[in-house]
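What follows is calculated from the coordinates using simple rules that are stated; it is not laboratory data. A quick note: this is a predicted structure, and the numbers were derived from the prediction, not measured. Virtual Cβ from ideal backbone geometry, glycine too; neighbours counted across all protein chains shown.
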There are 2 protein chains.
Amino acid sequence: MSNERTDTLDNLVIRMHPRDNVAVAVNDIPQGHECVPGVTTNQAIPAGHKVALADIPRGGAVIRYGAVIGFATDMIRRGDWVHENALRLPEPPALEDMPWGMAAPALPRAPLRTFEGYPAAGGGFTGTRNLLAIHTTVQCVAGVVNLAVERIRREMLPRYPHVEGVVPVTHAYGCGVALDTPGAAIPLRTLRNLVRHPNFGGEVMVVGLGCEPLSAGLLLDEADNTPDNVITLQEEHGFDAMVTAILRMAEQKLARLNKRRRQTLPLSHLMIGLQCGGSDAFSGITATPVAGYAADLLVEAGGTVLFSEVTEVRDAVHLIAGRCVDAECRDRLAQEMRWYDNYLRGGDVDRSANPSPGNKQGGLSNIVEKTLGAIAKSGTAPIVDVLSPGERPTRRGVIFAATPASDFVCGPCQLASGITLQVFMTGRGTPYGLAAAPVIKVSSRTALKQQWGDLIDFDAGPAATGGMTIAQLGESLFHQIVDVASGRVRPAAERYGIHNDLCLFNPAPIT
Amino acid sequence: MSNERTDTLDNLVIRMHPRDNVAVAVNDIPQGHECVPGVTTNQAIPAGHKVALADIPRGGAVIRYGAVIGFATDMIRRGDWVHENALRLPEPPALEDMPWGMAAPALPRAPLRTFEGYPAAGGGFTGTRNLLAIHTTVQCVAGVVNLAVERIRREMLPRYPHVEGVVPVTHAYGCGVALDTPGAAIPLRTLRNLVRHPNFGGEVMVVGLGCEPLSAGLLLDEADNTPDNVITLQEEHGFDAMVTAILRMAEQKLARLNKRRRQTLPLSHLMIGLQCGGSDAFSGITATPVAGYAADLLVEAGGTVLFSEVTEVRDAVHLIAGRCVDAECRDRLAQEMRWYDNYLRGGDVDRSANPSPGNKQGGLSNIVEKTLGAIAKSGTAPIVDVLSPGERPTRRGVIFAATPASDFVCGPCQLASGITLQVFMTGRGTPYGLAAAPVIKVSSRTALKQQWGDLIDFDAGPAATGGMTIAQLGESLFHQIVDVASGRVRPAAERYGIHNDLCLFNPAPIT
């Protein structure tokens, strides 16, 4: 896509690409209204829904974002409402021999190239926050850890003003699972990589039970698996002793973390994640192209941007493949898609489960249309790497991390990959937040920003209805990303302490 | 089993059944020691391990708990250490045409027949606690709900002294899932049944987001799906308004709950759950037979007792089938076992993953031996019903609820089935607790009770080393169950507020 990505027609409808034969209503349009010169609505068109700009014969292609989003189930006349049932879903793209290495457009120049971050001990990506993490090997210890964390926050944290929070890394894994089954690799990798998250400052603190299959030794490198870093509850003498042991270890870690200071660092040290949740028809018109522009700027400055959500990429995988920098990257993409196809088939799930009812009410007819809007958030830069869920990258630039689309499962996977900030685009609105990294919530519509004023950090709505361009808004979002990464701005979820649970992706059975 | 279930021979070894040809060492026994008249150890026998009481020919059955736990891989001589490698694992019992309706022994007479509970609005099982539950449709709202619950506990609960707590029913489900896939029935049923849990007093309070596939309408009966009971965050005007709405609704529910009072009720109104976690070699000698005796007393008084954990029942399923009261119950048992066999096979998991290396070091040779110990907790009464995970029973008595063995997944399933109290047996020790029902933690060894004095509620260890009988301890546990159910005693996890997360059993893929 060029930087002139959208084409607002009389402020009534938006066409995303010159080839499109449908456009999206910005607001409700009554029946009999000429929404574009020569196109009069045959029915009322709800906001976010599509109106046909031309006659489309039965079986003809319905085109949005310059791509086929479906085939007409019946004759569609110019001015018709093109609703969910007017479209037949195309076959998903084949995964064999996808072309790669297509020429990428020049990236826009970033307006600045540094931020204030916490340097990582062993090099690599940099922290945006200075947090004490208390990792756990198994859910059994979660109740005790949560009670200890309440006390650490209340009694100890005020004495360590340079530490920005305490994160209990609790989860539903660690027992009742077979660690030697193929699916176990994902949660194991996720938990191992979370220990090394840049926002945790290299301090290691683990609470285990003592009889769990996922022992601290499987979570940690051998050098880290020491009594200075690991508490085993079965070795303690009761509840009070457990809490005392956790508080004592936390105090030592807090004292060290409290010495850390931000430094001016190149943006190449920053890795952020992009995610959509509660999307509507405007997400792909405003929020995702705006985020995509900000991603382009960040990548131009040397930064790294993860995007994810396999089921919301699968139907446009050929477009992602085309942006891959080499055949290996393309092959990993195909492999991750195949794995997910099989995983869903094993559970008798097909892709028609997505979009959600809310998405459809918002005007997204099917997964193809949702996907084309979703991938816009990755911008236009070449894709340098593809990651399995929870894996850490070895390259810098745009990276596809193959995670579930579920917001609260994608988030922990991206955290394990090492993102230290997430940009979260929403149309319907969700109060989503992560404990381990700040989340910037971007609304697709100004109406949502108006309604959820204290929860939405950035409004991309003006790209549709406020006379601002994608580039203007994208640059503004870029600045906000840098401000949040630098600790100058705390987004709403961080200020209020709205944290989702750390829902691990575990594709294997529970025993 | 008779009520004289164990037979401590000179306090050195324990034989569980008169037919057994092995007994278990209570403590380490040196070589050359006459541990039973006529049985002198040929090797040192580690505590918890088995010694042969008779010669067993190669291929002969090794019998413990009156059942075959394996076949001798070589000649075993009287006085030999019968270690893991001396046994060949029997095939898992076939599920076809299992005999049912075997004669049950007479149950011991319960010493009392009533308790003090909160009567259920629509009849049925009775609450043991008076709690405000805030249900959620989707994980997205969990962060906001948790913050609101903190404020309710701090600011409102002290004004409602007859309400014993606030339970946020948060979970990892509700979005990123296909609700029409077969596996979805389990988490859907679990969440629906949790709304109706007896400890929540018939008050319905649900917080939803607004765009999630699992809408409040799928969680609630139509009559309950009203604005008095359901808050939709996407309809609120920001974070402060969300919290205010939750607090306002909570206040109304608290006012009504605060009027509830305990009444003297027959024990037939009580349903408890039994679960094992962190088992050791003594679990099947002390904790589970003691719990089994208490279960017999409760059932004799008309009460209902759930036991669970498919993978720890599978290898003795023929014994469970034998206790089924009718062919339908037996057939449901076989069906649940088949479902789980397939579920595990689909994830490349087999039963040899259990017992753990720690279990084996402790003397549990194989899954059959572990299973025979585990099922002892269900006592001896006929099995009147078999439930799918999270399903509610329609009969009273002993019921097998087919859940995973994972403690923190079994617990929520049993809660959904309606238990209002859980007895949790542990050998190694776990600080496990449920927010929605009190949990009585029973230690299998006195050493654990001594080490975790403030966490273990009941010590079954004296059955092995304290000169007490299973019947004496079982009756004592029965009294403690009645005291806890009546609110006279609060177990450790409840006093400290140690609550595990509500980890739902979701066998289906994440999209």
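Computed values, structure above
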{"item": "Dimensions in Å of the range A:7-88 - Rg and Dmax from alpha carbons", "result": "11.2, 30"}
{"item": "Structure-based [θ]222 nm, chain A - -39500 (n - 2.57) summed over DSSP H runs of at least 4, per residue, nearest 500", "result": "-8000 deg cm²/dmol"}
{"item": "Cα convex hull volume per residue for chain A (Å³)", "result": "138 Å³"}
{"item": "Relative contact order computed over chain B (Cα-Cα under 8 Å; 6+ residues apart), in percent", "result": "19 percent"}
{"item": "D (Stokes-Einstein, µm²/s), Kirkwood Cα radius, the range A:258-334, 1.002 mPa s at 20 °C", "result": "145 µm²/s"}
{"item": "Proxy reagent accessibility, fewest Cβ within 10 Å first, across A:364, A:306", "result": "A:306, A:364"}
{"item": "Residues B:297, A:220, A:112 arranged by fewest to most Cβ contacts within 10 Å", "result": "A:112, A:220, B:297"}
{"item": "Point-to-point label distance, residue A:104-residue A:40, nm (Cα→Cβ direction, 7 Å offset)", "result": "4.9 nm"}
{"item": "Shielding of B:431-440 by partner chains, average beta-carbon count, 10 Å", "result": "3"}
{"item": "Part-to-part distance (alpha-carbon centres) for the range B:180-203 and the range A:333-359, which is given in Å", "result": "25 Å"}
{"item": "In Hz, Karplus ³J(HN,Hα) per residue of the range A:74-84 (6.51, -1.76, 1.60; θ = phi - 60°; x = Gly, Pro)", "result": "8, 3, 10, 9, 3, x, 6, 6, 9, 8, 3"}
{"item": "3J(HN,Hα) from dihedral phi, the range A:301-311, Karplus parametrisation 6.51/-1.76/1.60, rounded to Hz, x for glycine, proline", "result": "7, x, x, 10, 10, 9, 10, 8, 6, 3, 5"}
{"item": "Principal-axis tilt of helix A:470-485 within chain A, Cα atoms, nearest 10 degrees", "result": "10 degrees"}
{"item": "For the range B:210-265 versus the range B:147-173, the gap between their alpha-carbon centres in whole angstrom", "result": "12 Å"}
{"item": "Cut-off under 5 Å, modelled amide H: who pairs with residue B:385 long-range", "result": "B:400"}
{"item": "Tilt relative to chain A, helix A:239-257 - C-alpha long axis, 0 to 90 degrees, to 10", "result": "70 degrees"}
{"item": "Given charges at beta-carbon only (K, R positive; D, E negative), |dipole| of the range B:7-88 in Debye", "result": "280 debye"}
{"item": "Using θ = phi - 60° and Karplus 6.51 cos²θ - 1.76 cosθ + 1.60, couplings along the range A:36-45 (whole Hz; Gly, Pro as x)", "result": "9, x, x, 10, 10, 5, 8, 9, 5, 10"}
{"item": "Inter-copy separations for residue A:28, label at 7 Å along Cα-Cβ, nm, ascending", "result": "8.2"}
{"item": "Cysteines, chain B, no other Cys beta-carbon under 4.7 Å", "result": "B:35, B:140, B:175, B:211, B:276, B:410, B:413, B:503"}
{"item": "Residue among B:59, B:22, B:11 farthest towards the positive dipole end of the range B:7-88, charges placed on Cβ", "result": "B:59"}
{"item": "Lys, Arg +1 and Asp, Glu -1 on Cβ, resulting dipole of chain A about Cα centre, debye, nearest 20", "result": "980 debye"}
{"item": "Antiparallel bridges, percent of DSSP beta bridges restricted to the protein assembly as shown (to nearest 5)", "result": "45 percent"}
{"item": "Residues whose placed amide H lies under 5 Å from that of residue A:169, excluding near-sequence neighbours", "result": "A:134, A:135, A:136"}
{"item": "Between the range B:405-450 and the range A:423-475, the Cα center-to-center distance that results, in Å", "result": "44 Å"}
{"item": "Exposed-loop-free span, longest in chain A, where GluC sites (Glu not before Pro) count as exposed if DSSP calls them loop and at most 16 other C-beta atoms lie within 10 Å", "result": "A:97-511"}
{"item": "Viscosity 1.002 mPa s, 20 °C: Kirkwood-radius Stokes-Einstein D of the range A:117-257 over Cα pairs, µm²/s", "result": "139 µm²/s"}
{"item": "Nm distances between copies for residue B:91, ranked from closest, using label points 7 Å along Cα→Cβ", "result": "4.5"}
{"item": "Peptide A:449-460 - average C-beta neighbours from other chains (10 Å radius)", "result": "3"}
{"item": "Over the range B:315-388, relative contact order from alpha-carbon pairs under 8 Å, at least 6 apart, %", "result": "54 percent"}
{"item": "Exercise: per-residue mean of other protein chain Cβ atoms within 10 Å, A:491-501", "result": "4"}
{"item": "Rg(Cα) / (2.2 N^0.38 Å) computed for the protein assembly as shown, rounded to two decimals", "result": "0.99"}
{"item": "Relative contact order of the range A:393-511, defined on C-alpha pairs under 8 angstrom at six or more residues apart (%)", "result": "28 percent"}
{"item": "Span per principal axis, largest first, for the Cα atoms of the range B:265-496 (Å)", "result": "45, 42, 31"}
{"item": "Ranked B:244, A:136, criterion: other C-beta atoms within 10 Å, fewest first", "result": "B:244, A:136"}
{"item": "Listed pairs B:50/B:377; B:50/B:441; B:50/B:449; A:253/B:370; A:370/B:253; A:50/A:377 exceeding 31 Å between Cα atoms", "result": "A:253/B:370; A:370/B:253"}
{"item": "Among B:72, B:424, B:294 - extreme Cα towards positive end, dipole of chain B, charges at beta-carbon", "result": "B:294"}
{"item": "Tail fraction, Cα-Cα pairs, the range A:171-220, threshold 18 Å, whole percent", "result": "29 percent"}
{"item": "Cut-off under 5 Å, modelled amide H: who pairs with residue A:73 long-range", "result": "A:59, A:87, A:88"}
{"item": "Degrees separating the helix B:185-195 axis from the principal Cα axis of chain B, which is the longest one", "result": "60 degrees"}
{"item": "Lys, Arg +1 and Asp, Glu -1 on Cβ, resulting dipole of the protein assembly as shown about Cα centre, debye, nearest 20", "result": "1580 debye"}
{"item": "Among A:317, A:43, A:477 the positive-end extreme of the charge dipole of chain A (Cβ point charges)", "result": "A:477"}
